[in-house]
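Down below is the structure, laid out as structure tokens.
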Amino acid sequence: MRLIHIVLVVLLLIGGLIGWILVSPEPPMSTGGPHPNIEGMNIGGDGLARLGPIFSLGFALQALFVILIHLLVALSVAERNRTSGFWMSLAGAGLVSMWVCWKIFSSYADFLETGVTGYFLGFPIASAWMMFGIWLAGALLAIIYVVGFRRFVFTLEDEAAYDLLEAEAETRRASSPESPHLPERSA
């Protein structure tokens, strides 16, 4: 199975999961309810009861999006450059991303169950994972791109092939100056 087919399968799974969530019965108090003391104000109610039926589906959806992001990164690299080092780097970044997503969901679920949370740099733990963990996971992908640029994205062989194509185009332009399909190269 080619990588693009795996991307298609993940997209179909995402679509199916979104459809499943949409047709799930509406959780109790999903739109809030009247406040017992303040007229005209709504309250959210029990978050665990409201989110419990779809909580695992939400995590599965987030996990599928993380998988999709990493598959699309792999798809952007030429097949010949997808070495074991590339796959190991991508898998490591993917595991960190999944761990961060799990920490976001599990810390929020813990808060909903206990009503108690810790704080990190002024943020509740679930929010801190969201604020600091998500960019960390994305930064790993950027590091793979920057550090592995010459090995995975634009190798010296790719550059040599490009230079050869550019030289051939320049030769054709010089021999046929009226050719409209060969635009002048901008400096």
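Taking the conditions exactly as written (within 16 Å of the chain's Cα centre (by Cα) and without any contact (Cβ under 8 Å) to a residue 12 or more places away in the chain), does residue 129 satisfy them or not?
Criteria not met by residue 129.
Looking across the stretch 140-171, just one residue is surrounded by fewer than 11 Cβ atoms within 10 Å (Cβ to Cβ) and under 29 Å from residue 100 (Cβ atoms), and that is 146. When the stretch 76-89 is filtered for residues that are surrounded by 15 or more Cβ atoms within 10 Å (Cβ to Cβ) and within 16 Å of residue 6 (Cα to Cα), the ones remaining, listed by number, are 77, 82.
Of all residues in the stretch 137-163, those that are at negative phi have Cβ atoms under 6 Å from Cβ atoms of residues that are part of a helix (DSSP H, G or I) and of a type in the set (Phe, Trp, Tyr), 6 or more apart or on another chain, in 152/86. Would you mind telling me which numbered condition in (1) in contact with a Ser or Thr (Cβ under 6 Å, 6 or more places away or on another chain); (2) over 30 Å from residue 54 (Cβ atoms) residue 126 fails? For residue 126, the failing item is (2).
Residues in the stretch 30-64 that are part of a strand (DSSP E or B) and of a type outside the set (A, V, I, L, M) were compared, and the one that is modelled with the highest pLDDT is 34. Restricted to the stretch 1-48, and to residues there that are loosely packed, with under 11 Cβ neighbours inside 10 Å and of a type in the set (D, E, K, R), the residue that is nearest to residue 59 (Cα to Cα) is 26. Just name the residue that is surrounded by the fewest Cβ atoms within 10 Å (Cβ to Cβ) out of those in the stretch 90-139 that are touching a strand residue (DSSP E or B) at 6+ places or on another chain (Cβ under 8 Å) and not in a helix (DSSP H, G or I). Residue satisfying both the conditions and the ranking: 118. Annotation note: Cβ proximity below 8 Å between a residue of the stretch 1-29 that is farther than 18 Å from residue 70 by Cα and a residue that is surrounded by 12 or more Cβ atoms within 10 Å (Cβ to Cβ) and of a type in the set (D, E, K, R) (sequence gap 6+ or interchain) occurs for 27/50; 28/46; 28/50; 29/46; 29/50. For the stretch 36-85, the tally of residues that are in contact with a Lys or Arg (Cβ under 8 Å, 6 or more places away or on another chain) and touching a residue at least 24 places away in the same chain (Cβ under 8 Å) stands at 4.
The values are calculated or read from the model by the stated rules, or taken from the named source; none is laboratory data. The structure displayed is predicted, hence computed values, not measured ones. Reconstructed Cβ throughout: ideal geometry from the backbone, glycine too, with neighbour counts over all protein chains shown.
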